[in-house]
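The structure appears right after this line, and notes come after that.
The values are calculated or read from the model by the stated rules, or taken from the named source; none is laboratory data. What you see is a predicted model, and the numbers here were worked out from it, not measured in a lab. Cβ: placed from backbone, ideal geometry, glycine included. Neighbour counts: every protein chain shown. With ligands, DNA and RNA removed, areas are computed over all heavy atoms of the protein, side chains included. Shrake-Rupley method; radii C 1.70, N 1.55, O 1.52, S 1.80 Å.
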Amino acid sequence: MSTAINPATKLADVIGANSVVSAPEELATHAMDGITPQVIACPTSAEQVQEIVRFAASERLAVQAFGSRSKCEMGMPVSRCDIAIDMTRLREVVHYDPGDLTLSVDAGIPLRELEELLSRLDQFLPLAVPCFESTTAGGAIASGIDSALRQQYGSARDFLIGAEFVDGTGQLCKSGGRVVKNVTGYDLHKLLIGSLSTLGVITRLNFRTFPLPPASGACLALFSDAAAALAFRASVDRKGLPLADMEILDPETAQILRAILQRTDSQVPGLLSPDAWSVYCSYEGHEAVAMRIAKELQQSAGDTKALSLNPLGVTSGEEVGGMLREAYEWLRWGSPATLLQRIVVPRLSSEILGALRESAAALGLRSSILVRACGVVYVSVFGEDEEQGTLASLTNTALNIGTLARARGGCSAILHAPLGVKTRVAAARVALPDESLQLRLKRAFDPGNLFAPGRIVGGV
């Protein structure tokens, strides 16, 4: 990195003084794991993003793109961050064709604004991600965070049909298009999902939208143990019921949710038991479809010996669904030092869930488990302080969980952890089979290693 230049002064010449922030208190709000940028650039167009990146490349400065900053703690610690690019001024709806169910938006537009726009024409975008009130479209894609509606609508890769982004050379790249049936070229935009802005700066996104369903419903079933809850899930899967969401809460997670909801006027806490495994199901469609799903869920609950199955009213159903959408948020702040790890294995079983819980208990730590849509598992491990002994125990738990997942043909990722845990895990990492491919992609998109260096394990 060059030390002869003042990034704020130079960027003011490139994009205008009104688009550059260097006040210390503002810089502190864009810090990541203790790394504070030298300057914040606030572009108002893709062309300005290009100029920022070209400037960074010429001076060998590290760059990190930001939206609402709600998921900055995801990923490993960056080694450098000289320029923070605040994308929230790029927030236009560029194209919307309700008849074609297609939408093109700037990366900085908040999801809440999109929801309000689409709902006026009875449509929606199934990006039901945490921190929904503030999250931007670009942030939701770059983070790759799970959507609570994945069970029915798939992940973002199923309805992201195109994107524009600036690569590490300052070139504006385009992939996909504005139409659903687009078979031209490679789906490079899919690589941006979960990239944590390490491959480029997303400037525009094209989505397929969906009609709002005319009817919906939800229920909460209780089971004596994990095996029974998973048997219910398997029964529902065999029937092919089009559920919008299905999530399994172990007793600890149910107790956390119960405690949060007890602070409100909600009727749900009385339905959540701290001694049972809870399964939340939501569904939507035409009235006849919703009624049939409710009946089939009742039958599956009986077949798998549910302790109870309680239909939820519209308000209660939306309340629980909204809380589960925000699970990442309230789980990561569940203790003074929380490890939140995401696990995916080909075949989920009660034995695996038991092993995940034991990995924390063996080191004297509390934990909770949330099985999300499509079998994605969130394991939360709670430390009561950030003393060295606690951080060491959390690190060992994270490594053991990763080993367990890989041994069963799966994978794991740390969504949140204290800085001391992340640095220890990165140092003790095990090389992954696709690591060389990740590095090749990084070099192809970002040859100068400008974008968030180190944020993904392996130096990506």
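Computed values, structure above
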{"quantity": "Among the candidates Ser266, Ser316, residue that is assigned to a loop (DSSP other than H, G, I, E, B), polar (S, T, N, Q) and either under 19 Å from Asp245 (Cβ atoms) or more than 20 Å from the chain's Cα centre (by Cα) (or both)", "calculated": "Ser266"}
{"quantity": "Residue within the range 359-377 that is under 21 Å from Cys131 (Cβ atoms), open to solvent by 10 Å² or more (accessible area, probe 1.4 Å) and free of Cβ contacts under 8 Å to residues at least 24 places away in the same chain present", "calculated": "no"}
{"quantity": "Some residue of the range 19-27 being on the phi > 0 side of the Ramachandran plot and either open to solvent by 40 Å² or more (accessible area, probe 1.4 Å) or modelled with pLDDT of 95 or more (or both)", "calculated": "no"}
{"quantity": "Scope the range 98-119; condition outside any loop (DSSP other than H, G, I, E, B) and either of a type in the set (Gly, Ala, Ser) or touching a residue at least 40 places away in the same chain (Cβ under 8 Å) (or both); matching residues", "calculated": "Thr102, Leu103, Ser104, Val105, Asp106, Pro110, Leu118, Ser119"}
{"quantity": "Scan of the range 18-54 for residues that are in a helix (DSSP H, G or I), out of contact with any Pro (no Cβ under 8 Å at 6 or more places or on another chain) and farther than 17 Å from Leu90 by Cα, ordered by number", "calculated": "Pro24, Glu25, Glu26, Ala28, Thr29, Arg54"}
{"quantity": "Only listed residue being open to solvent by less than 10 Å² (accessible area, probe 1.4 Å), in contact (Cβ under 8 Å) with a residue 40 or more places away in the chain and in contact with a Leu (Cβ under 7 Å, 6 or more places away or on another chain), chosen from Pro43, Pro77", "calculated": "Pro43"}
{"quantity": "From the options Leu419, Leu399, Leu439, residue that is open to solvent by less than 60 Å² (accessible area, probe 1.4 Å) and either touching a residue at least 24 places away in the same chain (Cβ under 8 Å) or within 19 Å of the chain's Cα centre (by Cα) (or both)", "calculated": "Leu399"}
{"quantity": "Any hit, the range 260-279, residues being buried (at least 21 other Cβ atoms within 10 Å of the Cβ), touching a Gly at 6+ places or on another chain (Cβ under 8 Å) and in contact (Cβ under 8 Å) with a residue 24 or more places away in the chain", "calculated": "no"}
